[in-house]
Amino acid sequence: MTVKNATAFVFDSSTKTFESKTITLGSTAEGETVVEILYTTICTSDLHTYCGRRPLDSPTILGHEIVGRITHLPTNTTRDYTNQPLALGDLITWCVYTYDEHDPFAQKGYPQKSISLYKYGHHPFKNKELNGGFATHCILKQGTALFKLNSKLSLKEAAPLNCTHATIAGGIRLAGPLRDKTVLIYGAGMLGLSAAAQTSTAGAKQVILCDINAERLAIAKKFGAHLSLDSTLPTEEKKKILADLQLSIDIVLDTTGIPAVMQESIELLDIGGISIWIGAVFHQDATPINAEQLVRKLLTIKGLHNYIPEDLATAIQFLEEHHTHFPFGALVHSEFHLKDLADAFQTASTGQHFRVGITPNTK
Ligand SMILES: [Zn+2]
């Protein structure tokens with residue numbers, strides 16, 4: 001390795017401040033890959049932590065929507081997760097966590113719930129480990145699923161892959177085949193727009209995006225939505241609009257995590273419908289469910305937290321094939337240098353941006 005030092009901005013949750021730390025890039029442990037970070041986007045869950053809505057062990061290097069270039073590769077790592085050859089200098093993303101494949105939950109097909117889970121951008125900064133996105137480098141532990149990226153993707157497009165797009169790919173996996181289905185997506189943030197793009201690309205007959213924010217809904221069509229719906233309308237009015245358009249909802253994807261919204265999804269789903277909940281990742285009141293409706297309408301509710309590595313592979317394939325059709329890069333409205341991370345978080349926490357981007361590059 002040519003670089004000897006890395007810089008990380010370590011978050012302290014008690015003071016809500018970021019402190020710059022210099023960390024020597026010494027020898028790596030067995031199986032570790034070193035990445036020079038090229039771009040990180042501030043995810044909504046980073047903001048949950050920053051604003052105190054989601055408790056996290058601190059100090060921490062936040063940031064998990066990362067893209068970077070390999071500067072050190074273990075000699076026995078020659079291929080990525082999808083069997084593409086890997087080499088120094090390759091642009092990569094990676095699964096947001098690493099786990100032990102022998103873990104009982106991993107064996108059951110839930111690697112994201114492994115007891116030994118180690119999550120980038122979340123794990124405490126205890127042993128000066130470079131494990132988050134708001135730094136110049138990230139060290140990836142043995143067993144992390146690495147994915148080589150096509151350099152045609154811009155950094156702004158690529159950074160949200162390993163959280164936003166992969167989580168949506170996981171939700172779609174749970175929903176099953178989408179061809180000729182009508183999909184209702186709650187929330188027109190980055191997750192909802194990704195869901196619109198991915199479900200329309202996957203063959204959904206109608207994609208409806210529902211949000212309270214008219215400005216966000218105004219761009220819904222650019223991301224594959226056929227129809228937008230004002231979330232502030234009463235449920236009965238929404239039912240009437242859908243009935244007038246002869247639309248019956250087969251699949252709901254909730255990215256909001258708002259109990260009343262998830263409750264409404266049960267009202268709006270047609271017979272045999274599936275409601276996928278991915279937004280409820282913060283402390284909240286219980287969501288009341290009408291069990292009789294669930295039973296009589298043969299409904300299914302599925303939750304998804306994080307995703308599995310195959311979902312990231314699906315998301316990468318989607319974005320590499322379709323990135324010219326959807327203006328995801330334009331959703332990174334504002335960009336800051338790493339040294340101005342505190343300002344970047346202030347800007348991101350106004351809620352006026354889909355994503356704020358961080359670049360360690362001073363050039
Ligand atoms: Zn995230």
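Scanning the range 215-238 for residues that are without any contact (Cβ under 8 Å) to a residue 12 or more places away in the chain and under 24 Å from GLU267 (Cβ atoms) turns up LEU233, PRO234, GLU236, GLU237.
Give me the residue from the range 16-56 that is charged (D, E, K, R), assigned to a loop (DSSP other than H, G, I, E, B) and within 16 Å of the ligand (Cβ to nearest atom) and, out of that set, nearest to THR71 (Cα to Cα).
Within the range 16-56, the subset charged (D, E, K, R) is 16, 19, 21, 30, 32, 36, 46, 53-54.
This time we only want the ones that are assigned to a loop (DSSP other than H, G, I, E, B), so: 16, 30, 32, 53-54.
Add one more test, that the residue is within 16 Å of the ligand (Cβ to nearest atom), and what stays is 53-54.
Values: ARG53: 35, ARG54: 33 Å.
So, considering only residues that are charged (D, E, K, R), assigned to a loop (DSSP other than H, G, I, E, B) and within 16 Å of the ligand (Cβ to nearest atom), the one nearest to THR71 (Cα to Cα) is ARG54.
The set of residues in the range 178-214 that are in a loop (DSSP other than H, G, I, E, B) and without any contact (Cβ under 8 Å) to a residue 24 or more places away in the chain contains only ILE212. Residue pairs whose Cβ atoms lie under 6 Å apart, sitting 6 or more positions apart in sequence or on different chains, and linking a residue in the range 154-171 that is assigned by TED's automatic domain parsing to the domain that holds PHE354 and of a type outside the set (A, V, I, L, M, F, W, C) to a partner that is more than 14 Å from the ligand (Cβ to nearest atom) and assigned to a loop (DSSP other than H, G, I, E, B), are GLU157/HIS323. The selection criterion, being surrounded by fewer than 18 Cβ atoms within 10 Å (Cβ to Cβ) and at pLDDT 95 or above, holds for LYS240.
Every residue in the range 279-312 that is of a type in the set (A, V, I, L, M, F, W, C) and either touching a Ser or Thr at 6+ places or on another chain (Cβ under 6 Å) or not in a loop (DSSP other than H, G, I, E, B) (or both), please.
ALA291, LEU294, VAL295, ILE301, LEU312, listed by residue number.
Of the residues that make up the range 142-162, is at least one out of contact with any helix residue (DSSP H, G or I) (no Cβ under 9 Å at 6 or more places or on another chain), assigned to a helix (DSSP H, G or I), within 16 Å of the ligand (Cβ to nearest atom) and under 23 Å from ILE66 (Cβ atoms)? Looking for residues that are out of contact with any helix residue (DSSP H, G or I) (no Cβ under 9 Å at 6 or more places or on another chain), assigned to a helix (DSSP H, G or I), within 16 Å of the ligand (Cβ to nearest atom) and under 23 Å from ILE66 (Cβ atoms), one finds at least one in the range 142-162, hence yes.
The set of residues in the range 322-363 being over 18 Å from the mean Cα position of the chain (by Cα) and among the aromatic types (Phe, Trp, Tyr) consists of PHE336 alone. ASN76: out of contact with any Gly (no Cβ under 8 Å at 6 or more places or on another chain), among the polar types (S, T, N, Q) and more than 16 Å from the ligand (Cβ to nearest atom), yes or no? So ASN76 fails the test.
Residues checked against (1) modelled with pLDDT of 95 or more; (2) out of contact with any strand residue (DSSP E or B) (no Cβ under 7 Å at 6 or more places or on another chain):
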| position | (1), (2) |
| --- | --- |
| LEU25 | no, no |
| VAL34 | yes, no |
| THR44 | no, yes |
| PRO55 | no, yes |
| PRO59 | no, no |
| GLY68 | yes, no |
| ARG79 | yes, no |
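Screening the range 103-126 for residues that are modelled with pLDDT of 90 or more, of a type in the set (Ser, Thr, Tyr) and more than 21 Å from LEU174 (Cβ to Cβ) and picking the one that is nearest to the ligand (Cβ to nearest atom) gives TYR120. Residues that are more than 27 Å from CYS43 (Cα to Cα), over 25 Å from the mean Cα position of the chain (by Cα) and either surrounded by fewer than 23 Cβ atoms within 10 Å (Cβ to Cβ) or outside the structural domain of LEU56 (by TED's automatic domain parsing) (or both) are absent from the range 250-261 altogether. Picking from residues in the range 57-68 that are buried (at least 20 other Cβ atoms within 10 Å of the Cβ) and small (Gly, Ala, Ser), the one that is nearest to the ligand (Cβ to nearest atom) is GLY63. Evaluating THR314 against the criteria (1) within 21 Å of ALA169 (Cα to Cα); (2) in the same structural domain as LEU91 (by TED's automatic domain parsing); (3) of a type in the set (S, T, N, Q) leaves one unmet condition, (2).
The values are calculated or read from the model by the stated rules, or taken from the named source; none is laboratory data. Keep in mind that what you see is a predicted model, and the values were worked out from it rather than measured. Cβ sites come from the backbone with ideal geometry, for glycine too, and all protein chains shown count toward neighbours.
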